[in-house]
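Below is one structure, written out as structure tokens; comments come after it.
The values are calculated or read from the model by the stated rules, or taken from the named source; none is laboratory data. Keep in mind the model is a prediction, meaning the values are calculated, not measured. Backbone-built Cβ (ideal geometry, glycine too); neighbour counts: all protein chains shown. These accessible areas exclude ligands, DNA and RNA; they are computed on the full protein's heavy atoms, side chains included. Shrake-Rupley method; radii C 1.70, N 1.55, O 1.52, S 1.80 Å.
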Amino acid sequence: MEKDRVNDTGKIPLSVAVITKNEAKRLPACLASVAGADQIVVVDAQSADETAAIARDLGCDVFEIPWRGFGPQKQFALDQCRNRWILLLDADERVPGETWAEIRRIVTDPSPGAAGYRFPRKNYFQGRWIRRAGFWPDAVTRLFLKDKGRMTETMIHEAVTVAGEVRGLACPLVHLTEDRLHPILAKINEYSTAGAAEAYARGRTSTIFGAFFRAVAAFLHGYLARGGFLDGREGFTLAVLDGINRFFKYAKLAELARAEDKREKG
């Protein structure tokens, strides 16, 4: 196989795909961490801030489309990539220098030996690297051959599926999660609504009491069984937020079932 070559500007033949919405503050640092790629695709969900303009000013291929859900939105971004290799990122993620060196080695290798690669991900919350409760190593598949990778079509909890071998790497991605509680709670409201709708479409049911017990179980599992208490107040906050998310997802599922029952009874 012919080797993928570094171009005249020193950039590697890699397409980076990022989806955005109102990410003007966080996007520049994300893009700076992958500046060595010869194509960066930004698919913006009609942001109200300067996200799209910032991406254009930094030389990205920018597409502005209505929000379709995480899976479909990211698949659209992948479809706009022109290189053999794709790196999929979120705007709140960064690629450290040692990780970029490994990506560069893989992309420029004529026979890398795998169709995709997964990275451990360092999740930071309110300035702290969260190492317990499933937040580390939090392996995610993000580097893959374009003709081998595809997004799942789910509205939330999307993932890349790769037709072929996926190898793990030791070098991490960095994920700087939202620190402020107000936008986190707004996101929980949005995600729990989408999660309830997906569960309902699959025929699942719930009750308000079931939602409560699921929330308690989620908190205890993350905070005690999986060691979240060792991550201090940040670990406690995350365990509480997980419980809140779980409660509202299943409470909304119960609400959907009650609404359907009322319609059937006329």
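Can you list residues from other chains, or at least 5 along the same chain, whose modelled amide H is less than 5 Å from the amide H of residue 14?
38, 39
Over the chain, with a Gaussian network built from C-alpha contacts below 10 Å, which listed residue (45, 91, 163) shows the highest mean-square fluctuation?
Judging by the Gaussian network model, the answer is 163.
What is the set of long-range amide H partners of residue 125 at a cut-off below 5 Å, with H atoms built 1.01 Å from backbone N?
Long-range HN contacts for residue 125: 130.
Send over the per residue convex hull volume for the range 58-122, Cα only, as a whole number of Å³.
Value for the range 58-122: 136 Å³ per residue.
For the range 181-194, take each phi angle, set θ = phi - 60°, evaluate the Karplus expression 6.51 cos²θ - 1.76 cosθ + 1.60, and give the result in whole Hz per residue in order, putting x for glycine and proline.
6, 4, x, 5, 5, 5, 5, 4, 4, 5, 5, 5, 5, 5
Run the paramagnetic zone check for residue 167: 7 angstrom along Cα to Cβ, then residues of the range 74-101 with backbone nitrogen under 19 Å.
84-88, 98-101
Suppose R0 equals 25 Å; then what is the FRET efficiency for residue 216 and residue 255 from their Cβ-Cβ distance, rounded to the nearest 0.05?
About 0.80, to the nearest 0.05.
For helix 97-107, report the angle its Cα long axis makes with the longest principal axis of the Cα atoms of the chain; keep it between 0 and 90° and round to the nearest 10°.
With rounding to tens, the tilt is 70 degrees.
Over 25 Å between C-alpha atoms is what I'm after, so list which of 74/148; 148/249; 25/249 land there.
Table pairs above 25 Å Cα-Cα are 148/249; 25/249.
Check residue 33: other-chain or 5+ apart residues with amide H under 5 Å from its amide H, H built from backbone geometry?
Residues meeting the criterion, in which the H sits 1.01 Å from N, are 95.
Taking the Cα-to-Cβ direction at residue 205 and at residue 67 and moving 7 Å from each Cα, how far apart do the two end points lie in nm?
3.1 nm
Only loop residues by DSSP count here, and only those with at most 10 other Cβ atoms within 10 Å; note down the trypsin sites (Lys or Arg not before Pro) in the range 167-266 that meet that.
Those satisfying the criteria are 180, 202.
Top mean-square fluctuation among 127, 227, 203, Gaussian network model of the chain, C-alpha springs under 10 Å?
Residue with maximal mean-square fluctuation among 127, 227, 203: 203.
For the range 157-266, with every protein chain kept in place, what is the accessible area per residue (1.4 Å probe, Å²)?
61 Å²
What three numbers, in Å, describe the spread of the alpha carbons of the range 1-144 along their principal axes, ordered from the longest?
44, 37, 26
HN-Hα J couplings of the range 73-79 from phi, Karplus 6.51/-1.76/1.60, θ = phi - 60°, integer Hz, Gly and Pro as x?
For the range 73-79, the Karplus-derived couplings read 5, 6, 5, 4, 5, 4, 5 Hz, x marking Gly and Pro.
Longer than 31 Å from Cα to Cα, which of 21/252; 122/187; 21/265 are they? Say none if no pair is.
Beyond 31 Å between Cα atoms: 21/265.
Given the DSSP H assignment, sum -39500 (n - 2.57) over each helix run of at least 4 residues in the chain and divide by its residue total; what's the result at 222 nm in deg cm²/dmol, nearest 500?
-12500 deg cm²/dmol
Once phi is turned into θ = phi - 60°, what whole-Hz ³J(HN,Hα) does the Karplus curve with 6.51, -1.76 and 1.60 give for every residue of the range 243-254, x standing for Gly and Pro?
Ordered by residue, 3J(HN,Hα) equals x, 4, 4, 5, 4, 5, 4, 7, 5, 5, 5, 4 Hz.
Work out, step by step, the length gained on full extension between residue 138 and residue 101: first 0.36 nm times the residue separation, then minus their alpha carbon distance; give nm to one decimal.
Gain on stretching residue 138 to residue 101: 11.2 nm.
Could you grab the Rg to Rh ratio for the range 28-72? Cα atoms only, Kirkwood for Rh.
Expressed as Rg/Rh, it is 0.97.
Using a Cα-Cα cut-off of under 13 Å, which aspartates and glutamates could be cross-linked to residue 146, ignoring same-chain neighbours fewer than 8 residues away?
79
In whole angstrom, note down how far apart the Cα centers of the range 59-88 and the range 150-193 are.
Each part reduced to its Cα centre gives a spacing of 15 Å.
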